[in-house]
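The structure under discussion appears below in the form of structure tokens.
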Amino acid sequence: MPSHITAHDLTFEPYLGEAEIAQRVKALGQQIQQDYEGKRPLFLAILNGAFVFAADLVRAVGTECDVAFVRLASYEGTASTGKVSTVIGLDFEVKNRHILIVEDIVDTGRTLHHFMAELQKMEPASVALAALLYKPEALQHPVKIDYLGFEIPNKFVVGYGLDYDGLCRNLPSIYQLVEIEKL
Ligand code: IMP
């Protein structure tokens, strides 16, 4: 992988390589397979960022499953609720299903906190979360991650589905923002 990349006005340095990611995703897939054998889980991958992680994760799970993609559109709610998200593209029956949400990164946790509360109203048999990355220092809304790839520092990352203003989603590995003073 190249030593540095630039996207728009920012510079990024290598952080997690392809082999390291692949190994971790495979281990998560095996764990999920064991836990969900015979349950036909419904993977719900959150667009856009989770598309790469989801593609690798579901292929590491050998058990029978369904895969669907949803997009969360957020809008300003009332002053008391702040940002609220609605789910677009959820055309699967969720009731009585074992749901496994697939997300690229948990940052403040706001997106998933609201989404999981909405899902619970649909009476699934269970809801669990697989997240590739988690920034504990950034968390503001409680989110329970059942299958975690990597805990990372509170720095902006790109690649493997994650973007910076539209760029870098296609990079096979993950890069971290270089602080200006390091350049
Ligand atoms: P949260 O609701 O604050 O947890 O934000 C989650 C979403 O913000 C993720 O699904 C990403 O789309 C985006 N995000 C958060 N941190 C990063 C990052 O470091 N790089 C790229 N996107 C990020």
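Every read-out reported here was derived from the displayed coordinates using simple, explicitly stated rules and does not represent laboratory data. Fair warning: this is a prediction, and the values are worked out from it, not measured in the lab. So basically every Cβ, Gly included, is an ideal-geometry build from the backbone, and we count neighbours across all protein chains shown.
Total lysine pairs in region 90-183 at Cα distances under 21 Å, for residues eight or more apart or on different chains: 7.
Considering all different alpha carbon pairs of the chain, the Kirkwood hydrodynamic radius works out to 17.1 Å. Look at the dipole of the chain built from charges on Cβ: of Gln140, Leu16, Phe43, the Cα furthest out on the positive end belongs to Phe43. Here region 103-172 is treated with +1 on each Lys and Arg Cβ and -1 on each Asp and Glu Cβ, and its dipole about the Cα centre works out to around 60 debye. Other residues whose C-beta falls under 9 angstrom from the C-beta of Arg40 contribute a net charge of 0, scoring Lys and Arg +1 and Asp and Glu -1.
Give me Rg/Rg_expected for region 1-58, where Rg uses Cα atoms only and Rg_expected = 2.2 N^0.38 Å with N residues. Ratio of Cα Rg to 2.2 N^0.38 Å: 1.49. Where only DSSP H runs of four or more residues are counted, the chain gives -7000 deg cm²/dmol as its mean residue ellipticity at 222 nm, each run worth -39500 (n - 2.57). Counted by Cβ distance under 12 Å from Val106, the other residues give a net charge of -3, where Lys and Arg count +1 and Asp and Glu count -1.
The value for region 103-179 of Rg(Cα) / (2.2 N^0.38 Å) is 1.19.
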